[in-house]
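Reviewing the structure listed below.
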(Lines give C-alpha, C1' and ligand atoms only; values in the text may rest on other atoms or scores of the structure.)
Protein backbone atom coordinates (compact mmCIF):
# COMPACT_ATOMS: atom_id res chain seq x y z
CA UNK A 1 0.00 0.00 0.00
CA UNK A 2 2.85 2.36 0.89
CA UNK A 3 4.55 1.79 -2.47
CA UNK A 4 1.31 2.41 -4.36
CA UNK A 5 1.00 5.82 -2.68
CA UNK A 6 4.61 6.64 -3.55
CA UNK A 7 4.16 5.58 -7.18
CA UNK A 8 0.86 7.47 -7.42
CA UNK A 9 2.42 10.59 -5.89
CA UNK A 10 5.41 10.37 -8.23
CA UNK A 11 3.10 9.86 -11.22
CA UNK A 12 1.04 12.92 -10.28
CA UNK A 13 4.24 14.91 -9.79
CA UNK A 14 5.44 13.92 -13.27
CA UNK A 15 2.06 14.65 -14.77
CA UNK A 16 1.90 18.19 -13.37
CA UNK A 17 5.59 19.00 -13.82
CA UNK A 18 5.87 17.56 -17.27
CA UNK A 19 8.79 19.79 -18.25
CA UNK A 20 11.48 20.74 -15.77
CA UNK A 21 14.00 23.49 -16.46
CA UNK A 22 17.55 22.21 -16.13
CA UNK A 23 19.38 25.43 -17.04
CA UNK A 24 17.54 28.75 -16.75
CA UNK A 25 18.33 32.02 -18.49
CA UNK A 26 17.42 35.25 -16.67
CA UNK A 27 14.17 36.82 -17.83
CA UNK A 28 14.78 40.21 -19.39
CA UNK A 29 11.92 42.61 -20.04
CA UNK A 30 13.46 45.61 -21.74
CA UNK A 31 16.71 45.52 -19.82
CA UNK A 32 18.19 44.24 -16.56
CA UNK A 33 21.29 44.75 -14.50
CA UNK A 34 22.53 41.35 -13.41
CA UNK A 35 25.67 39.60 -12.29
CA UNK A 36 27.52 38.55 -15.44
CA UNK A 37 27.92 34.90 -14.47
CA UNK A 38 24.11 34.48 -14.46
CA UNK A 39 24.17 34.95 -18.23
CA UNK A 40 27.54 33.44 -19.06
CA UNK A 41 30.05 32.09 -16.55
CA UNK A 42 33.02 33.69 -18.31
CA UNK A 43 31.65 37.19 -17.54
CA UNK A 44 32.37 36.77 -13.83
CA UNK A 45 30.75 38.45 -10.83
CA UNK A 46 30.70 42.03 -12.13
CA UNK A 47 27.36 43.67 -12.95
CA UNK A 48 26.23 44.00 -16.55
CA UNK A 49 23.46 45.92 -18.26
CA UNK A 50 21.77 43.34 -20.50
CA UNK A 51 19.14 43.44 -23.22
CA UNK A 52 18.05 41.22 -26.11
CA UNK A 53 19.93 41.45 -29.39
CA UNK A 54 17.28 41.50 -32.12
CA UNK A 55 19.68 41.84 -35.09
CA UNK A 56 22.80 39.96 -36.18
CA UNK A 57 26.03 40.22 -34.20
CA UNK A 58 27.77 42.06 -37.03
CA UNK A 59 24.96 44.62 -37.09
CA UNK A 60 25.36 45.35 -33.39
CA UNK A 61 29.12 45.68 -33.81
CA UNK A 62 28.70 48.07 -36.76
CA UNK A 63 26.11 50.16 -34.88
CA UNK A 64 28.27 50.39 -31.75
CA UNK A 65 31.43 51.26 -33.70
CA UNK A 66 29.42 53.95 -35.53
CA UNK A 67 27.79 55.30 -32.34
CA UNK A 68 31.03 55.53 -30.37
CA UNK A 69 33.24 56.45 -33.34
CA UNK A 70 35.32 53.41 -32.44
CA UNK A 71 37.95 51.95 -34.68
CA UNK A 72 36.80 49.04 -36.81
CA UNK A 73 37.69 45.72 -35.17
CA UNK A 74 37.94 47.38 -31.74
CA UNK A 75 36.26 44.25 -30.34
CA UNK A 76 33.99 46.71 -28.49
CA UNK A 77 36.41 46.78 -25.55
CA UNK A 78 37.00 49.81 -23.28
CA UNK A 79 35.19 52.31 -25.47
CA UNK A 80 35.50 55.78 -23.88
CA UNK A 81 32.29 57.69 -23.14
CA UNK A 82 31.77 61.00 -21.37
CA UNK A 83 28.41 61.26 -19.60
CA UNK A 84 27.53 64.40 -17.63
CA UNK A 85 31.20 65.29 -17.21
CA UNK A 86 32.28 61.83 -16.03
CA UNK A 87 34.56 59.60 -18.09
CA UNK A 88 33.50 55.98 -18.46
CA UNK A 89 34.85 52.94 -20.26
CA UNK A 90 32.26 50.56 -21.71
CA UNK A 91 32.87 47.02 -22.82
CA UNK A 92 30.22 45.29 -24.91
CA UNK A 93 29.76 41.52 -25.08
CA UNK A 94 27.53 39.68 -27.52
CA UNK A 95 26.32 36.72 -25.47
CA UNK A 96 24.53 33.53 -26.42
CA UNK A 97 22.82 31.79 -23.51
CA UNK A 98 20.91 28.51 -23.76
CA UNK A 99 17.98 27.44 -21.62
CA UNK A 100 17.47 23.68 -21.29
CA UNK A 101 14.23 21.93 -20.41
CA UNK A 102 13.68 18.19 -19.92
CA UNK A 103 10.41 16.35 -20.46
CA UNK A 104 10.39 13.39 -18.08
CA UNK A 105 6.84 12.27 -18.84
CA UNK A 106 7.41 11.51 -22.55
CA UNK A 107 9.28 8.20 -22.05
CA UNK A 108 6.48 6.80 -19.86
CA UNK A 109 3.75 7.88 -22.25
CA UNK A 110 5.68 6.56 -25.24
CA UNK A 111 6.32 3.22 -23.50
CA UNK A 112 2.59 2.85 -22.78
CA UNK A 113 1.74 3.69 -26.40
CA UNK A 114 4.41 1.29 -27.68
CA UNK A 115 3.07 -1.55 -25.50
CA UNK A 116 -0.58 -1.04 -26.36
CA UNK A 117 -0.33 -0.15 -30.04
CA UNK A 118 2.86 -2.05 -30.95
CA UNK A 119 4.54 1.13 -32.21
CA UNK A 120 8.15 2.28 -31.99
CA UNK A 121 8.16 5.73 -30.33
CA UNK A 122 11.43 6.91 -28.79
CA UNK A 123 11.45 6.16 -25.05
CA UNK A 124 14.27 8.54 -24.08
CA UNK A 125 13.90 11.67 -21.96
CA UNK A 126 13.31 14.61 -24.28
CA UNK A 127 15.26 17.82 -23.83
CA UNK A 128 14.58 21.15 -25.46
CA UNK A 129 17.11 23.94 -25.86
CA UNK A 130 16.14 27.56 -26.45
CA UNK A 131 18.91 29.98 -27.33
CA UNK A 132 18.70 33.63 -26.31
CA UNK A 133 20.98 36.34 -27.68
CA UNK A 134 21.91 39.21 -25.37
CA UNK A 135 24.06 42.29 -25.35
CA UNK A 136 25.90 42.62 -22.04
CA UNK A 137 27.57 45.93 -21.21
CA UNK A 138 30.18 46.38 -18.48
CA UNK A 139 30.77 49.96 -17.31
CA UNK A 140 33.63 51.38 -15.27
CA UNK A 141 34.63 54.92 -14.37
CA UNK A 142 37.84 56.52 -13.13
CA UNK A 143 36.63 56.13 -9.54
CA UNK A 144 34.78 52.77 -9.71
CA UNK A 145 35.67 49.45 -11.26
CA UNK A 146 32.02 48.33 -11.50
CA UNK A 147 29.81 51.38 -12.07
CA UNK A 148 26.65 49.25 -12.28
CA UNK A 149 26.94 47.66 -8.85
CA UNK A 150 24.22 48.35 -6.29
CA UNK A 151 25.02 51.56 -4.39
CA UNK A 152 27.41 52.91 -7.04
CA UNK A 153 27.47 56.71 -7.31
CA UNK A 154 27.41 56.42 -11.11
CA UNK A 155 24.85 53.65 -11.49
CA UNK A 156 21.86 55.86 -12.36
CA UNK A 157 23.85 57.96 -14.83
CA UNK A 158 25.28 54.90 -16.61
CA UNK A 159 21.96 53.02 -16.59
CA UNK A 160 20.03 55.97 -18.09
CA UNK A 161 22.68 56.39 -20.80
CA UNK A 162 22.51 52.67 -21.64
CA UNK A 163 18.70 52.72 -21.73
CA UNK A 164 18.88 55.50 -24.34
CA UNK A 165 21.55 53.55 -26.26
CA UNK A 166 19.43 50.37 -26.15
CA UNK A 167 16.28 52.19 -27.28
CA UNK A 168 18.13 53.77 -30.21
CA UNK A 169 19.54 50.37 -31.24
CA UNK A 170 16.19 48.62 -30.92
CA UNK A 171 14.50 51.16 -33.19
CA UNK A 172 16.53 49.73 -36.04
CA UNK A 173 14.34 47.17 -37.76
CA UNK A 174 16.75 45.44 -40.12
CA UNK A 175 20.29 45.20 -41.43
CA UNK A 176 19.28 47.26 -44.49
CA UNK A 177 17.97 50.04 -42.28
CA UNK A 178 21.19 50.03 -40.24
CA UNK A 179 23.30 50.22 -43.41
CA UNK A 180 21.19 53.18 -44.55
CA UNK A 181 21.69 55.01 -41.25
CA UNK A 182 25.44 54.40 -41.11
CA UNK A 183 25.91 55.11 -44.82
CA UNK A 184 24.13 58.47 -44.69
CA UNK A 185 26.12 59.91 -41.79
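Select from the stretch 65-77 the residues that are free of Cβ contacts under 8 Å to residues at least 60 places away in the same chain and surrounded by 14 or more Cβ atoms within 10 Å (Cβ to Cβ) and write down the one among them that is nearest to residue 173 (Cα to Cα). It would help to see each step written out before you state the result.
Applying the first criterion (free of Cβ contacts under 8 Å to residues at least 60 places away in the same chain) to the stretch 65-77 yields 65, 68-77.
Narrowing the set further to residues that are surrounded by 14 or more Cβ atoms within 10 Å (Cβ to Cβ) leaves 65, 68, 70, 74, 76.
Details: 65: 18, 68: 20, 70: 23, 74: 24, 76: 22 Å.
Among those residues, the one meeting the criterion is 65.
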- Item | Residue, surrounded by the fewest Cβ atoms within 10 Å (Cβ to Cβ), within the stretch 127-163, restricted to residues that are modelled with pLDDT of 95 or more, farther than 18 Å from residue 44 by Cβ and under 19 Å from the mean Cα position of the chain (by Cα) | 163
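Residues of the stretch 24-43 being surrounded by fewer than 12 Cβ atoms within 10 Å (Cβ to Cβ) and over 22 Å from residue 164 (Cβ atoms), which ones? Break it down into steps so the answer makes sense when it comes.
As a first pass, look at the stretch 24-43 and keep what is surrounded by fewer than 12 Cβ atoms within 10 Å (Cβ to Cβ): 24, 27, 29-30, 41-42.
If the condition is that a residue be surrounded by fewer than 12 Cβ atoms within 10 Å (Cβ to Cβ) and over 22 Å from residue 164 (Cβ atoms), then 24, 27, 41, 42 are the ones that fit.
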- When residues of the stretch 44-79 are limited to those that are part of a helix (DSSP H, G or I) and in contact with a strand residue (DSSP E or B) (Cβ under 7 Å, 6 or more places away or on another chain), the one modelled with the lowest pLDDT: 57
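The values are calculated or read from the model by the stated rules, or taken from the named source; none is laboratory data. Because the structure is a prediction, the values reported are computed rather than measured. Quick reminder, even Gly has a Cβ in these numbers, built from the backbone with ideal geometry, and neighbours come from all protein chains shown.
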